[in-house]
Every structure is written in C-alpha cells, then in structure tokens.
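Computed from the coordinates by the stated procedures, all read-outs in this text should not be read as laboratory data. Computed from a predicted structure; not experimentally measured. Cβ sites come from the backbone with ideal geometry, for glycine too, and all protein chains shown count toward neighbours.
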Amino acid sequence: MIDERIITRAIIEKYTEKILSCLDVDVVVCGGGPSGLVASYFLSKGGLKVVLFERKLSIGGGMWGGGMMFNEIVVQEKGKTILDELGIQTKPYKEGYYTVDAIEAVSGVCFNAIKAGAKIFNLISVEDLVVRKDRVAGVVINWTAVEMASLHVDPLTVMAKAVVDATGHPIEIVKVLERKMNVELKTPSGKIEGEKCLWAEVAEEMTLENTKEVYPGLYVAGMGANATFGSYRMGPVFGGMLLSGKKVADLILSQLK
Ligand code: 48F
C-alpha cells in the first residue's frame, strides 16, 4: 500500500533537513559545471563542509554536450589524472590526448562529489553576495523559477568562509561584486578584464594560473577564471577545467585548514 501523504511528507522533511544543514558552511560553490563539481569533490574530501548551488535542472554545465553536441570531450595527460582518481574511463587517442564520454564525465564527477560529502542543490540560483568588512561572507540564493518568472520574491542567505564563482563564461558572482560594491579586484586593472577569443593551448595553461582569490573570500575557477583575468577560451578540451577545480580546492583548503 502506498500512502501519498507519506511520500509528500518524506520529501519535504528530508529536503528541509538537507538545506537547513547547509545554511552556514565552509564553502559555497556557485555553479555545477566541471570546475565547480571537481572543486566540491576535493573540498569535501579535504574535510570541509561544502554546498553547491546550480541554477539549472541538471548539473554538468557545458560538459554534457562535448563539442557542438558530439558528446565526447578531450583531456590531456594532467587532466586525465583527475579522471583516473574518480574512476572515470579515458581512452588514448593520439599521444598526450585522451577522449572521455561526456555523460560518464559529468555523472562520474557528480557522483564522487556527493559521495565525498558535498551537498548539491539544483534549481537554485546565486543572485547576490553577503559582504562584511571588505570580505565576501556568503551568498544570496533564490529559486531559479522565481528568477525565470520575474516574481517579486525576496531571496534567502547562506553564510560561508569562502565562495567559489564557478559560473563559467558569465562570471555572474564576480560581476555582482564589481557592479554593486565598486571594489578593487585582484586583477591587473582592479576590474574584470574580460574573456578573449579561442586559443586552446594558452587558455588551458592560463586557466590554472588564473584560478585564485579575486577578492577576500571570493575565488574564481574554470572558464570564469579566464574571463575575470582576461585570458582566452579553450573550447571542448576539459583538462584545464578539472585541474582548476582541484587548484581552487587546494587553495581554499590551505587557507581554511
Ligand atoms: O559553464 P560551465 O560548464 O562552467 P565551467 O566549470 O566549465 C566551462 C566549460 O563547460 C566550457 C569551456 C571549457 O572548455 O569553455 O564552457 O567553467 O558551468 C557553469 C554552471 O554554472 C551554472 C550554469 O547553469 C552552469 O551549469 N550557473 C551560472 N550562473 C549561476 C549558476 C548562478 N548565478 N547560480 C547558480 N548556478
């Protein structure tokens, strides 16, 4: 016998329990693309309390679609080491190049992040930051459906010791900080430098270099790191995204632990 009231109560109770446990965390990761998911995995594995908010129904960002919807991605030697650790299969293509099924890549990284302890909430957008004494101290969240319907509904807040902008090309979180607080970012101009056109080799290297704290308490990872610090895009070679997720996790772990 199935009682619909039990099903409804179970969902509401367990979701409430889960989100209540995430109101005051070590790290909020904004965006569930490859860099955000990998960051969540390594941060959680390192013992920090991590919550990831993803705007869309599904996590994975730009990784599901490979290149132009051919759902295979390419990684190089260094990126492969992360996939190896996560038990995701890579296939050698030419020397130094490996292909990965994009669906296995997204689901594998996500599964590992959750098993390591990260809490992932889909359908929630980060729309603003909490800033205290010249330091980012949390995020402001709302249902994506509220945003989509342009409903006049106030958001809620989640406090954190560190926030990662892993929102990809639009760097939504850094943009909010720049627009609203008129602060000086740790970029050459003090402002967002902006993304450049495609140059895979340089972009892959620069993604790692640009993965860092951009303002006290706020870190950039993934494509957003290059958009913030004025480097190139790289297209469907994903090693840089994975390594950036690991690097941001290492930086935060060394700061907070
Ligand atoms: O764009 P995305 O995959 O970011 P990434 O980790 O990886 C970039 C690559 O996919 C690709 C590339 C590399 O070759 O150039 O583009 O840097 O994932 C970003 C995720 O963040 C979500 C968005 O829906 C996507 O899943 N997102 C964006 N803004 C918000 C957000 C927001 N304000 N709140 C919550 N989620």
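For (1) buried (at least 20 other Cβ atoms within 10 Å of the Cβ); (2) touching an Asp or Glu at 6+ places or on another chain (Cβ under 7 Å); (3) among the β-branched types (Val, Ile, Thr), each residue gets a yes or a no:
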residue	(1), (2), (3)
Lys18	no, no, no
Asp24	no, no, no
Val29	yes, no, yes
Gly47	no, no, no
Gln89	no, yes, no
Tyr97	no, no, no
Ser107	no, no, no
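Rundown of residues vs (1) exposed (fewer than 12 other Cβ atoms within 10 Å of the Cβ); (2) near the ligand (Cβ under 10 Å from one of its atoms); (3) in contact (Cβ under 8 Å) with a residue 60 or more places away in the chain, yes/no style:
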position	(1), (2), (3)
Trp143	no, no, no
Ala149	yes, no, no
Lys161	no, no, yes
Gly168	no, yes, yes
Arg179	yes, no, no
Pro188	yes, no, no
Glu195	no, yes, no
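No other residue among Lys45, Lys49, Lys56, Lys80 is farther than 27 Å from Tyr15 by Cα and either among the charged types (D, E, K, R) or within 14 Å of the ligand (Cβ to nearest atom) (or both) apart from Lys80.
When region 68-117 is examined, which residues are found to be at positive phi and over 18 Å from the mean Cα position of the chain (by Cα)? Scanning region 68-117 gives Met68, Met69, Gly87, Gly96.
State whether one or more residues within region 208-230 are in a loop (DSSP other than H, G, I, E, B), away from the ligand (no atom under 13 Å from the Cβ), more than 23 Å from Gly67 (Cβ to Cβ) and hydroxyl-bearing (Ser, Thr, Tyr). Checked region 208-230: no residue is in a loop (DSSP other than H, G, I, E, B), away from the ligand (no atom under 13 Å from the Cβ), more than 23 Å from Gly67 (Cβ to Cβ) and hydroxyl-bearing (Ser, Thr, Tyr). Looking only at region 1-25, residues that are under 19 Å from Phe53 (Cα atoms), without any contact (Cβ under 8 Å) to a residue 40 or more places away in the chain and of a type in the set (Lys, Arg) come to 1 in all.
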